[in-house]
Amino acid sequence: MESPEDRRTQLSPQLAMRVAILGGVALAIFAIIFFRLWFLQVLSGDQYLAEASSNRVRDVTIQAPRGKMLDRNGNVLVENRNAVAVLVSPANLPEDEAARTRLLVRLSRVLGRSTRPERCVLGRRTFRRMPLECTIDEQTAVTPYADVVVEPDASRPVYSYLAERSDQFPGVSIENAWLRDYPYKTVGAHLFGTVGQIDADGLRDPNFRGVKGGSIVGKSGLEYTYDKYLRGTNGRQRIEVDAQGRPKRRLRNIDAVKGSNVQLSIDAALQRVGQEALETGISMGRANGNPADGGAFVALDPRSGEVLAMGSNPTFDPNVFTRPISDRVFRAKYGEEMNDPLFNRAIQGGFAIGSTFKIVTASAGLDAGVITPNTFYNDTGTWTSADGGQRRRNAGGAVFGSVDLRQAIAVSVDTFFYDLGAKLNSTDPHGGELQRWARAFGFGERSGIDLGGEMRGTVPDPAWRRGRWKAELQCRRREHRDNCYIADGRPWSSGDNVSLAIGQGDFLASPLQLATAYAAIENDGTIVRPHIGMAIVRDDGSLLQRISPKPVRHIDIPDIQSIRNGLLDSTTLANGTSADVFAGFGKPVYGKTGTAQMTGRPDQSWYVAYVPDPRRPIVVAAVIENGGFGAQAAAPAVRQILSQWFYGNPGRAVAGRSASY
C-alpha cells in the first residue's frame, strides 16, 4: 500500500487544458517548419538551384593609395596616379587546360604580351610557359585565393575591349587602382626604391606582418623601410555578380584608408644637381683620358646626420617596375655586375678611398704620440722601410722637402703617411692604433642609415687576414679547386699597415662612410647616424611622428684643429691639391683629394669636403670610378654640388672668374 506522502497529485482540469494548448502550439510550429522545408526543397528546389547558379557574391579589394614622399621643403617626390588594372582570378579560369590556354593567349595578345614560351621557375622546378601564364602560376603558388594583377596600368582601348567582352574572358576583370608615380624619373631612384605585389618571401617578412596576398608593398629603398607608414589599409567592396561575373548590384562597402606621407631630408634641387654633377665628373674623367664609367655621391648635414642628397651612376627609372617586367628583359638590363643600374654605389659600393683616409692616420699618429702637429718629416719623394725591403714614392714622383702634419695633408704627401703607417703597425690580432681609429670613425661597420643593403666595409688586421685564408682553404676543399682567389696565404706584414695608412690595400669603404667620418671633423667628433626619413605627416601637413635618431657615439679627436687647417690649406694655398678647383668659391671649403690605385684598372677619383656654414653646414663625398686623379674628376663634381647648395647655381662664377674645373 502507498503511503499518503507517495501519492501523486492529480491534474486539475485547468492545468490539463494548459498542457493541451501548449502541446498543440508546439505541434503546429513543427508542422509549419516541416511543410516549409518540404516546399523549399521539393517543390521549389529547381528554382532556387538556378538562382544560386546565376548569382554569387564577390569581395573586391579596394586598394589603399600609398602615402606620398616629400622633400624637406614640401615638394612631392613620389606620389600616386589613377589607373585601371587588369586582374585574373585563377579559380574562375576554365578548368579545361586547352580552353585555359586559349583564353590566356587571347588575353596576352590584347595586352600586347608575348605568347612565346619562356623559362619559368616555380618552386624548385623549371617549366616553359607563356610569360602571362608564368606570372599567374607564380602568384597563385604564393597566394592561392588572391586575384593576380597582370596589367596594373591598362590603356583605354585595352580595358574598354575587355569590359565589352567580359563573357569572352571568364576570370578576367578590370578595376580602378592606384599606381605609384615617380615624377623625377631617374633622380633619386636609389633612394625611393620600388614597389610590387607581395611575394612568398614578403609574406614571411616581419616588416609585412598581417599583409594579405596580392597587396602592393615596398620592395626596396625607402618604399620598403617606411612601408608600414606608406601602405595604408585596403578597403573592400562586396558585389553580387551573375554566372558570367557581370556585376548586378553593390552590397556593402568598406572604404580604404590612405597611407601617411613621409617627409624626407632630401633637397630636390640638390638631388638633381648632384646626379648631374656625377655626369660632369664622369665626362671630365674621360676628357683626361680615363675610361670613367660610374660613380656616387653623398651630401649630408654633418651635425644632424640628415642626408641632403645621395646618388649613384648609372641609375634607373623606378616607373619601369610599376608594371610587369619579364625575366628576359630584366636580365638584359639589370645584372649582378658592378655596372648594374640597381646597385647603389653610395652605400653598397666597397672602394679603396685613397688619400681621403689620411685624416684617420693623422688622428691615430697624434693619439699614439708618434707625431705632434709640429713634427717635421723630410720628404725626398721616396719612403724606404727600416729593413730596406719596401720602397714607395709620392704620386707623380713629387718631392716636398720638410713638411709638418698640416702641410702633409694640404699637399697630400704620401711618404709622410707611409712612415706613420709603419710606425703604427701592430701584430695584435685586431690591429693597433690605426685600426682602432678607423673603426672609431665608423669604417668597417654599417652606419645604420634607413636604406637596405648597406655594406659593412673592411678594416684589415692580422685576424682578418687569417680569416680570409681559412675561407680560401674551405673553398678549395668544398669545390675541389686549386685556387679560389680569396686569399694568397701570406701573413700580415708591416706593408699592409703602410697601405692602409693611405686608404689602400685591402681597406674598403663606401662614400657614405667617408662622408660620416668627415662630418666628425666638422662637428668636433660626433659620429652621426645618417638618415633620410625626417617625419611622418598627414596630408594637411600636421606631424604624426618625428624621425631623429641619436648619434652613434662621440670620439675625442686629438689636435683636431691641425687636421682642419690642413684640409683648408688644400683648397686655398697655391700648391693645395684642389686649390684650382675651389678658386673664388666665396666660402671656406675644407677638402681632401683621393686617388686610389687599382690593380689592372685606372685610378678611382675621390673628393670629400665640408663647409662649416653656421646656418647651412654640409659635407659632400664623391667618387668617380676609373676617373683618374681626385682633383680631375671628383673635385669638380663636389664644387658643383656645393655651388647649388649655397648659391642655387651649380655653375656659379665669382668676381668674374669661372669655376676652375
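The values are calculated or read from the model by the stated rules, or taken from the named source; none is laboratory data. Given the structure is predicted, the values throughout are model-derived calculations rather than measurements. Every residue, glycine as well, gets a Cβ built from its backbone with ideal geometry; the counts of neighbours run over all protein chains shown.
Quickly run through region 440-467 and pick out the residues that are more than 23 Å from Ser304 (Cβ to Cβ), within 18 Å of the chain's Cα centre (by Cα) and of a type in the set (Lys, Arg).
Selection gives Arg456 alone.
Can you pull out the residues in region 60-81 that are modelled with pLDDT of 90 or more, polar (S, T, N, Q) and within 27 Å of Ala146 (Cα to Cα)?
Of everything in region 60-81, just one residue is modelled with pLDDT of 90 or more, polar (S, T, N, Q) and within 27 Å of Ala146 (Cα to Cα), namely Asn80.
State all residues of region 464-505 that are assigned to a loop (DSSP other than H, G, I, E, B) and surrounded by 17 or more Cβ atoms within 10 Å (Cβ to Cβ); if no residue qualifies, say none.
Residues satisfying the conditions are Ala487, Trp492, Ala501, Ile502, Gly503, Gln504, Gly505.
Tell me, which strands (runs of 3 or more DSSP E) wholly within region 174-257 include 3 or more residues that are modelled with pLDDT under 85 and over 20 Å from the mean Cα position of the chain (by Cα)?
Result: 235-242, 247-254.
Might you check whether a residue that is modelled with pLDDT under 90 and crowded, with 19+ Cβ neighbours inside 10 Å occurs anywhere in region 309-326?
Looking through region 309-326, at least one residue is modelled with pLDDT under 90 and crowded, with 19+ Cβ neighbours inside 10 Å.
State which residue pairs qualify: first residue at positive phi and inside region 448-462, second residue aliphatic (A, V, I, L, M) in any location, beta carbons under 6 Å apart, and separation of 6 or more residues or different chains.
Gly457/Leu508; Gly457/Ala509
Take the residues of region 167-199 that are in contact with a Gly (Cβ under 7 Å, 6 or more places away or on another chain) and of a type in the set (A, V, I, L, M, F, W, C): which is surrounded by the most Cβ atoms within 10 Å (Cβ to Cβ)?
Ranking the candidates gives Leu191 first.
I'd like the full set of residues that are touching a residue at least 12 places away in the same chain (Cβ under 8 Å), of a type in the set (Lys, Arg) and assigned to a helix (DSSP H, G or I), limited to region 101-146.
Correct list: Arg106 only.
Across region 354-371, which residue is nearest to Phe400 (Cα to Cα) among those that are in contact (Cβ under 8 Å) with a residue 24 or more places away in the chain and out of contact with any helix residue (DSSP H, G or I) (no Cβ under 7 Å at 6 or more places or on another chain)?
Within region 354-371, the match that is nearest to Phe400 (Cα to Cα) is Ser355.
Applying the selection to region 342-381, what residues are assigned to a loop (DSSP other than H, G, I, E, B) and over 37 Å from the mean Cα position of the chain (by Cα)?
Hits for region 342-381 are Gly369, Val370, Ile371, Thr372, Pro373, Asn374, Thr375, Phe376, Thr380, Gly381.
Given Thr101, Thr115, which one is polar (S, T, N, Q) and in the same structural domain as Ala189 (by TED's automatic domain parsing)?
On inspection, the qualifying residue turns out to be Thr115.
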